[in-house]
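Beneath this line is the structure, given in structure tokens, with notes to follow.
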Number of protein chains: 2
Amino acid sequence: MSSAVDEGPRPGGRPSGAPTIYDIARLADVDPSTVSRALNRPGRVNAKTVERIMAAAEQLRFRVNPIARALPTGRTRTLAVLVADITNPVVFGIIRGAAQEAAAHDYTLLIAESEESGEREATAARRLLHSADGLILATTRLDDAAIRALAREKPLVTINRDVGGAVVGVLPDLAAGVGAAVEHLVALGHRVIGYLPGPATSWISERRREAIEEAVRARDAEVVVFGHTAPTREGGAAAVDALVRSPATAVIGYNDLMMLGVLAAGAERGLDVPGDLSLIGFDDIFGSDFTTPPLTTVRMPLLEAGRRAVRTLLTSENTGELLPTELVLRASTGPRT
Amino acid sequence: MSSAVDEGPRPGGRPSGAPTIYDIARLADVDPSTVSRALNRPGRVNAKTVERIMAAAEQLRFRVNPIARALPTGRTRTLAVLVADITNPVVFGIIRGAAQEAAAHDYTLLIAESEESGEREATAARRLLHSADGLILATTRLDDAAIRALAREKPLVTINRDVGGAVVGVLPDLAAGVGAAVEHLVALGHRVIGYLPGPATSWISERRREAIEEAVRARDAEVVVFGHTAPTREGGAAAVDALVRSPATAVIGYNDLMMLGVLAAGAERGLDVPGDLSLIGFDDIFGSDFTTPPLTTVRMPLLEAGRRAVRTLLTSENTGELLPTELVLRASTGPRT
DNA sequence: TTGTAAGCGTTATCAC
DNA sequence: GTGATAACGCTTACAA
């Protein structure tokens with residue numbers, strides 16, 4: 001066969017030369033329906049017959065055609081992850097966890113990136129509705145109403161976002177990690193703590209802000225909230241000026257990625273971290289431990305989030321339990337000077 | 001709808017409540033086959049009829065069911081990427097590129113991880129054969145024969161591996177990047193250059209070694225080849241002892257990931273890079289630029305590799321052209337002291 | 001326990 | 001230009 005997917009007509013309408021249950025049936029001298037039964041519910045078929053059928057299947061190197069199976073059943077054994085930006089290291093963790101858990105349940109994972117607007121994402125989601133048994137919305141740009149509408153059509157879970165209603169979200173327990181982070185800063189003598197938020201539309205960015213505000217309120221310090229910032233290294237780099245000019249002696253950023261940008265751009269202009277400014281991120285992405293200084297961060301169990309999302313979809317056993325977060329102490333935080 | 005994928009029987013055998021071409025046909029008062037035609041080859045249908053059909057489709061918010069379409073056509077508009085280890089940052093780049101290009105052609109990407117043995121990978125691949133129109137083997141552990149067998153059944157392309165025969169591989173032009181790397185080291189005064197190879201089974205690791213040996217041969221220096229090493233940070237960390245004891249004053253590693261490990265473990269034991277030892281990696285993965293010192297590396301166009309793989313699958317226009325590699329100069333290399 | 005037959009939502013081959 | 005009709009490969013009542 002050539003390497004091109006769309007090359008040449010398939011002969012006789014037979015799309016692939018792969019063996020079917022009909023081939024097995026002929027070989028084992030039974031009806032195709034019996035083959036189907038033997039394959040799916042061996043208990044409902046005579047043991048000897050099952051044996052014969054299995055032998056034939058083996059001999060023909062038969063694999064059920066999941067597409068053909070999906071048509072009558074409506075089940076594809078496929079789960080889809082929809083992400084706005086596959087570039088984001090946060091989604092790596094999620095995808096990885098989801099892929100592993102899916103594989104464990106013998107499901108396949110579909111990845112769709114919406115890159116652009118929520119509009120594009122909605123289109124992608126609607127397409128996926130047919131091909132997947134469930135949807136995982138990871139860094140979605142859809143609005144609550146759109147998500148709820150989708151959830152009415154297919155099992156769906158969101159990650160790091162709660163849209164309320166009947167929609168299940170895999171959410172972090174921010175209090176623990178954020179509490180520890182703020183406590184840590186206060187113990188180091190910081191009294192003015194900055195928060196560098198992500199995009200205005202990010203649900204989780206606002207939750208992180210709230211958690212910080214609450215933790216600070218309980219601890220005789222104050223919060224300065226900066227302007228909304230792109231959750232990228234570039235975004236962080238662009239924010240350095242504002243951070244430096246503010247009275248904050250420590251800044252918690254919406255995510256590690258932008259703090260990596262702060263670190264890099266800061267270093268270029270002689271900013272001493274943590275001497276001049278202490279920095280904390282969120283997520284604990286790959287790479288946040290080998291910057292200079294390595295980044296102190298509130299770890300989100302990304303892998304577990306992906307796993308949990310799949311498990312929720314597959315078993316519906318959603319305990320509603322929040323994923324634990326924890327402070328990972330590294331060297332980007334130090335005493336106020 | 002509940003959140004569980006496998007919950008409750010679907011009523012009446014009708015798997016989904018989604019509108020079908022039959023619904024459109026009724027609404028537009030034509031035969032379903034005409035609807036299908038209008039949707040696929042509007043030219044072959046009366047313009048007015050097409051209009052009516054489109055309006056009806058719009059009104060019903062119709063989306064073709066890709067599963068149902070795939071059955072008679074044998075085409076799923078889905079491409080599968082098979083990777084051994086989704087943890088590897090190298091595959092991020094590849095997946096990202098593949099996902100983008102696939103989306104651009106209105107194809108969906110399936111991710112499968114084989115984690116374990118080549119055996120497991122073979123099973124995964126055979127399953128995928130039914131669901132995908134083409135296969136991309138990214139960090140495969142399959143042997144040449146198995147790959148060629150798969151390629152006989154479905155369009156297939158390998159990345160960073162050449163199995164010969166009719167199988168297309170997306171391969172790098174190592175000479176340029178490796179030549180520059182060796183040239184750079186020699187110019188810095190290094191005369192004994194080490195190569196820290198990846199796993200013994202890695203095809204591309206051997207090519208990298210050959211490229212280095214060839215480049216060194218041309219430049220009055222010599223190569224020391226270390227033992228095969230796991231292509232992970234742990235692998236690199238474990239190799240530090242050997243590197244330090246060897247006469248090599250500069251080491252090129254199979255990939256960035258392991259060099260990150262060398263860097264971290266080396267720093268712990270007071271190894272000065274590049275003072276004591278110059279280090280070069282391969283790939284230029286995310287994160288290799290924010291270590292201390294940032295890693296000099298031979299960049300592989302990972303994103304482009306993913307893109308190219310998809311394009312090759314979709315258009316069969318494989319020019320056989322090798323992807324350019326280049327030396328990215330950072331601070332992990334310095335003069336021999 | 002097994003066979004018969006209808007149906008899943010499309011596409012494709014015929015006629016008309 | 002459009003309508004019947006038969007696939008595609010599998011599942012699933014319902015009968016036997």
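Just so you know, all these numbers are worked out from the coordinates, no wet-lab data involved. Note that this is a predicted model, so its numbers are computed, not measured. As a convention, Cβ positions derive from the backbone with ideal geometry for all residues, glycine included, and neighbour counts pool all protein chains shown.
Table for the structure above
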| quantity | calculated |
| --- | --- |
| Debye, to nearest 20: dipole size of chain B, +1 on Lys, Arg Cβ, -1 on Asp, Glu Cβ | 1380 |
| Per-residue Cβ neighbour rank within 10 angstrom, fewest leading, A:162, B:284 | A:162, B:284 |
| Using a 7 Å Cα-to-Cβ projection, residue B:166 label spacings across copies, nm, ascending | 5.1 |
| Ranked A:168, B:310, criterion: other C-beta atoms within 10 Å, fewest first | A:168, B:310 |
| Rounded if a/c under 1.5, otherwise prolate or oblate - the stretch B:21-72, Cα gyration tensor axes | oblate |
| Two-decimal Rg to Rh for the stretch A:188-294 - Kirkwood Rh, Cα set | 0.93 |
| Neighbour-count order for B:225, B:167, fewest beta carbons within 10 angstrom listed first | B:225, B:167 |
| Pairwise FRET efficiency - residue B:267 versus residue A:126, Cβ, R0 = 30 Å, nearest 0.05 | 0.05 |
| Per-copy distances of the residue B:73 label point, shortest first, in nm (7 angstrom along Cα→Cβ) | 2.4 |
| Shielding by partners, peptide B:57-67 (average Cβ within 10 angstrom, other chains) | 3 |
| Of the GluC sites (Glu not before Pro) in the stretch B:54-155, those whose Cβ has at most 14 other Cβ within 10 Å and which sit in DSSP loop | B:116 |
| Hull volume in cubic angstrom per residue (convex hull over the Cα atoms of chain B) | 176 |
| Average Cα contact separation per residue, chain A, under 8 Å, 6 or more apart, as relative contact order % | 16 |
| Chain A: most fluctuating residue of A:134, A:97, A:287 per GNM, C-alpha cutoff 10 Å | A:287 |
| Size of charge dipole - the protein assembly as shown - debye, nearest 20, with Cβ of Lys, Arg +1 and Asp, Glu -1, no other charges | 2460 |
| Zero-based 20 Å bins, Cα pair distances in the protein assembly as shown, whole percents | 17, 45, 31, 7, 0 |
| For residues of A:125-136, the mean tally of beta carbons on other chains within 10 Å | 4 |
| Averaged over A:75-87, number of beta-carbon atoms from partner chains that fall within 10 Å | 3 |
| DSSP bridge orientation in the protein assembly as shown - percent antiparallel, rounded to nearest 5 | 10 |
| Local electrostatic count, residue B:38, Cβ distance below 10 Å [Lys/Arg +1, Asp/Glu -1] | +3 |
| Cβ-vector label at 7 Å, residue A:246, separations to other copies in nm | 4.8 |
| Net charge dipole size for the stretch A:73-170 [Lys, Arg +1 and Asp, Glu -1 on Cβ; Debye, nearest 20] | 300 |
| Pairwise label distance in nanometres, residue A:292 with residue A:29, each label 7 Å out on the Cα-Cβ vector | 7.9 |
| Rg/Rg_ref, the stretch A:73-170, where Rg_ref = 2.2 N^0.38 Å and atoms are Cα | 0.98 |
| Value of [θ]222 nm, deg cm²/dmol, for chain B, DSSP H segments ≥ 4, -39500 (n - 2.57) each, nearest 500 | -13500 deg cm²/dmol |
